[in-house]
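The values are calculated or read from the model by the stated rules, or taken from the named source; none is laboratory data. Nothing here was measured: the structure is a model prediction, and the numbers come from that model. Here the Cβ is made from the backbone with ideal geometry for all residues, glycine too, and neighbour counts use every protein chain on show. Quick note on the areas: whole protein, heavy atoms, side chains included, nothing else; ligands and nucleic acids left out. Shrake-Rupley method; radii C 1.70, N 1.55, O 1.52, S 1.80 Å.
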Amino acid sequence: MSDLQQNIQKLDGYLARFRETGILNQIAGEAVPALSGEIFETRSPVDESFICNVAKGNGADVDAAAKAAKAAFPAWRDMPAVERREILHKIADKIVERADEIALCECWDTGQALRFMSKAALRGADNFRFFADRAPGARDGQALQSSTLMNVTTRVPIGPVGVITPWNTPFMLSTWKIAPALAAGCTIVHKPAEFSPLTARILVEIAEEAGLPKGVWNLVNGMGEDAGRTLTEHPDIKAIAFVGESRTGSLIMKQGADTLKRFHFELGGKNPVVVFDDADQDRALDAAIFMIYSLNGERCTSSSRLLIHEPIADEFEARLIERVNNIKVGHPLDPETEIGPLIHKTHFDKVTSYFKTAQDDGATIAAGGKRVGEEGYFVRPTLFTNAATSMTIAQEEIFGPVLTSIRFSDEAEALQIANDVDYGLAGYVWTNDLTRALRFTKELDAGMIWVNSENVRHLPTPFGGMKASGIGRDGGDWSFEFFMEQKNIAFATGQHKIPRLGAL
Ligand code: NAD
């Protein structure tokens, strides 16, 4: 039996229980259907086949979940942090134990290739361990002495929070938000993306098996404009950690205005990879290809714009075309596959619509530009050349395996093009001129920049974007800053003079 056949067989075993019960919500420690009894279907992007039914939560379910999170908050907040640390480590252990199940389910639900997803499950476990170890120090503050007062700062968890996640690498992204929230002492209502509900269910089950008290982590499946919206409006929810599209972030900000929500937004990107003629071209080529064609290009930090220095452009693009044409598109459970199907018909239609846009704009489709097969949402990895920064394909987030190549003549022009988009999430700069790298990165509008490297995540570093790419940062202590409130307590150190109003 081939690896692919074996994986399909294993997956079938993992999915059997979901086919029977459907995916339920989790409220106050109980697996429950939607209060309305409504369901929706999740289907695989591989062949559009039915996976299972999913509870379709709405405002009533969100209300029940928010109340459960509120009731569970005081005990979770006051639990000694070392005990919280232990539970979070147990969650990580169980993620590792079930990494195979998580990876296979994620691939089938999202179309992501197994070669990337098997690592994503383990990275999710790492996220829990990282924040588990920081839980005991999360409240620590400073002592700031004035002439009359000793100020002591501390941090306390903000309260029950809402976590709203997208369909791209949903397991890993959920752990990024949920792990620090729990480590900080917050309780949670999680609303995963409707296109990819499988692994969010597995994750909450793991957490409760690991000993997480009931109600600390609640899961409500449902539509964004219904379950998602009511979560952002709920008065018991103190903050919303959101990952998704920029225009949804803008909607959420409006929805949360009446209850003065705190927001953390990780939104879209149109990230440049800038390759100068003095760069190590072999490594730059590998990194540029990896950063746009891995994870089906459905990746917020994808290098979706190649900015290539004119003296090396012909050769670099020629090598790029050859490599792109060799990329293996196939079944996501085949370990050889490099690109699987796009998540959903809606998204497939959006991505493929840019093939025509590119031609209308006057660019060249130098590779790809077509679907693969008649079934599922497979597309050939695509490269647009002869593009200009003013074109739609150079401005809009396509969010698929589609790269737009734009040539530049000098550093000033490269910088102007790099910054000429609404987004500012990530940037990749390839040069062996140190001074140029320092100069260029100083001016580049991006929350995260890698020089002579692809995106390599290091958990203590800040992750997030500027401009339309987001507000706030994940990672290290930045996550705790979001999920916690700062408090300052001032103690008088002597008998300082207090103004005496009304005294004789
Ligand atoms: P999306 O904005 O359509 O949906 C994200 C989530 O928001 C889903 O759970 C959805 O149900 C919910 N939602 C939709 N409307 C809502 C509303 N009115 N109120 C509350 N919730 C609502 O995004 P998507 O298509 O699922 O994900 C792709 C996007 O996510 C891309 O733009 C990508 O760049 C971005 N993303 C950003 C990062 C980052 O770190 N910056 C990471 C991953 C993905």
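In segment 460-473, which residues are part of a loop (DSSP other than H, G, I, E, B) and surrounded by fewer than 19 Cβ atoms within 10 Å (Cβ to Cβ)?
Applying the first criterion (part of a loop (DSSP other than H, G, I, E, B)) to segment 460-473 yields 460-462, 464-465, 468-469, 472-473.
Within segment 460-473, 460, 461, 462 meet the criteria.
Which of the residues belonging to segment 38-76 are assigned to a helix (DSSP H, G or I) and hydrophobic (A, V, I, L, M, F, W, C)?
60, 62, 64, 65, 66, 68, 69, 71, 72, 73, 75, 76
Anything in segment 153-208 that is assigned to a strand (DSSP E or B) and under 18 Å from residue 90 (Cβ atoms)? List them, or say none. Break it down stepwise before answering.
At the first step, the residues of segment 153-208 found to be assigned to a strand (DSSP E or B) are 153-157, 161-164, 188-191.
Matches in segment 153-208: 188 only.
Going through 283, 299 one at a time, which residue ends up being within 16 Å of the ligand (Cβ to nearest atom), basic (Lys, Arg), at pLDDT 95 or above and over 16 Å from residue 385 (Cβ atoms)? Show your work before the answer.
Details: 283 fails: within 16 Å of the ligand (Cβ to nearest atom).
Only one candidate qualifies: 299.
Just to be sure I understand, how many residues within segment 177-190 are out of contact with any Ser or Thr (no Cβ under 8 Å at 6 or more places or on another chain) and within 13 Å of the ligand (Cβ to nearest atom)?
1
Yes/no matrix, rows are residues, columns are (1) surrounded by 21 or more Cβ atoms within 10 Å (Cβ to Cβ); (2) not assigned by TED's automatic domain parsing to the domain that holds residue 330:
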{"residue": "255", "(1), (2)": "no, yes"}
{"residue": "281", "(1), (2)": "no, no"}
{"residue": "288", "(1), (2)": "yes, no"}
{"residue": "291", "(1), (2)": "yes, no"}
{"residue": "301", "(1), (2)": "yes, no"}
{"residue": "307", "(1), (2)": "yes, no"}
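When you scan segment 440-449, do you find a residue that is within 28 Å of residue 138 (Cα to Cα) and among the hydroxyl-bearing types (Ser, Thr, Tyr), even just one?
No; the residues of segment 440-449 include none that is within 28 Å of residue 138 (Cα to Cα) and among the hydroxyl-bearing types (Ser, Thr, Tyr).
Test residue 294 against the stated conditions and say whether it is within 20 Å of the chain's Cα centre (by Cα), within 10 Å of the ligand (Cβ to nearest atom) and either assigned to a strand (DSSP E or B) or within 29 Å of residue 228 (Cβ to Cβ) (or both).
Numbers: within 20 Å of the chain's Cα centre (by Cα): yes; within 10 Å of the ligand (Cβ to nearest atom): no; either assigned to a strand (DSSP E or B) or within 29 Å of residue 228 (Cβ to Cβ) (or both): yes.
For residue 294, the condition - within 20 Å of the chain's Cα centre (by Cα), within 10 Å of the ligand (Cβ to nearest atom) and either assigned to a strand (DSSP E or B) or within 29 Å of residue 228 (Cβ to Cβ) (or both) - is not met.
Go through segment 256-269 and give me each residue that's closer than 24 Å to residue 203 by Cα and more than 7 Å from the ligand (Cβ to nearest atom). Spell out how you get there, then give the answer.
To start, the set of residues in segment 256-269 that are closer than 24 Å to residue 203 by Cα comprises 263-267.
Matches in segment 256-269: 263, 264, 265.
Of the residues 333, 320, 307, which is in a helix (DSSP H, G or I), away from the ligand (no atom under 16 Å from the Cβ) and either touching a residue at least 60 places away in the same chain (Cβ under 8 Å) or out of contact with any helix residue (DSSP H, G or I) (no Cβ under 6 Å at 6 or more places or on another chain) (or both)?
On the way: 333 fails: in a helix (DSSP H, G or I); 307 fails: in a helix (DSSP H, G or I).
Answer to the selection: 320.
Count, please, the residues in segment 440-454 that happen to be farther than 17 Å from residue 280 by Cβ and in a loop (DSSP other than H, G, I, E, B).
4
Open to solvent by 30 Å² or more (accessible area, probe 1.4 Å) and assigned to a helix (DSSP H, G or I): is that true of residue 139 in this structure? Steps first, answer last, please.
Values: open to solvent by 30 Å² or more (accessible area, probe 1.4 Å): yes; assigned to a helix (DSSP H, G or I): no.
No: the conditions fail for residue 139.
Only residues that are closer than 20 Å to residue 398 by Cβ and either of a type in the set (Phe, Trp, Tyr) or within 11 Å of the ligand (Cβ to nearest atom) (or both): list them for segment 270-280, please.
Within segment 270-280, 270, 271 meet the criteria.
For every residue, the table says whether it meets (1) in contact with a Pro (Cβ under 6 Å, 6 or more places away or on another chain); (2) closer than 29 Å to residue 83 by Cα.
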{"residue": "108", "(1), (2)": "no, no"}
{"residue": "121", "(1), (2)": "no, yes"}
{"residue": "124", "(1), (2)": "no, yes"}
{"residue": "134", "(1), (2)": "no, yes"}
{"residue": "150", "(1), (2)": "no, no"}
{"residue": "157", "(1), (2)": "no, yes"}
{"residue": "184", "(1), (2)": "yes, yes"}
{"residue": "190", "(1), (2)": "no, yes"}
{"residue": "200", "(1), (2)": "yes, yes"}
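Looking only at segment 199-255, filter to residues that are polar (S, T, N, Q) and within 16 Å of residue 266 (Cβ to Cβ); which one of those is farthest from the ligand (Cβ to nearest atom)? So that I can check it myself, show each step before the final result.
Taking segment 199-255 as the starting set, the residues that turn out to be polar (S, T, N, Q) are 199, 218, 221, 230, 232, 246, 248, 250, 255.
From what is left, the residues that are within 16 Å of residue 266 (Cβ to Cβ) are 232, 246, 248, 250.
Values: 232: 5, 246: 6, 248: 3, 250: 10 Å.
The extreme case among them is 250.
Inside segment 1-41, can you point out the residues that are over 25 Å from residue 329 (Cα atoms) and open to solvent by 70 Å² or more (accessible area, probe 1.4 Å)?
Going through segment 1-41, the residues over 25 Å from residue 329 (Cα atoms) turn out to be 13, 16-41.
Of everything in segment 1-41, those that are over 25 Å from residue 329 (Cα atoms) and open to solvent by 70 Å² or more (accessible area, probe 1.4 Å) turn out to be 17, 19, 20, 21, 30, 33, 35, 38, 39, 41.
Restricting attention to segment 209-256, and to residues there that are small (Gly, Ala, Ser) and in a strand (DSSP E or B), which single residue is nearest to residue 464 (Cα to Cα)? Walk me through it before giving the result.
Applying the first criterion (small (Gly, Ala, Ser)) to segment 209-256 yields 210-211, 215, 222, 224, 227-228, 239, 241, 244, 246, 249-250, 256.
Next, from what is left, pick out any that are in a strand (DSSP E or B): 222, 239, 241.
Values: 222: 26, 239: 17, 241: 12 Å.
Of everything passing the filter in segment 209-256, 241 is nearest to residue 464 (Cα to Cα).
Output the number of residues of segment 422-447 satisfying the condition of being open to solvent by less than 10 Å² (accessible area, probe 1.4 Å) and either over 18 Å from residue 291 (Cβ atoms) or of a type in the set (Val, Ile, Thr) (or both).
Residues flagged as open to solvent by less than 10 Å² (accessible area, probe 1.4 Å) and either over 18 Å from residue 291 (Cβ atoms) or of a type in the set (Val, Ile, Thr) (or both) within segment 422-447 amount to 2.
List the pairs whose first member sits in segment 36-50 and is outside the structural domain of residue 220 (by TED's automatic domain parsing) and touching a residue at least 60 places away in the same chain (Cβ under 8 Å), whose second member is in a strand (DSSP E or B) and surrounded by 12 or more Cβ atoms within 10 Å (Cβ to Cβ), and whose Cβ atoms are under 7 Å apart, counting only residues at least 6 apart or on separate chains?
Taking only residues 6 or more apart or on different chains, not a single pair turns up.
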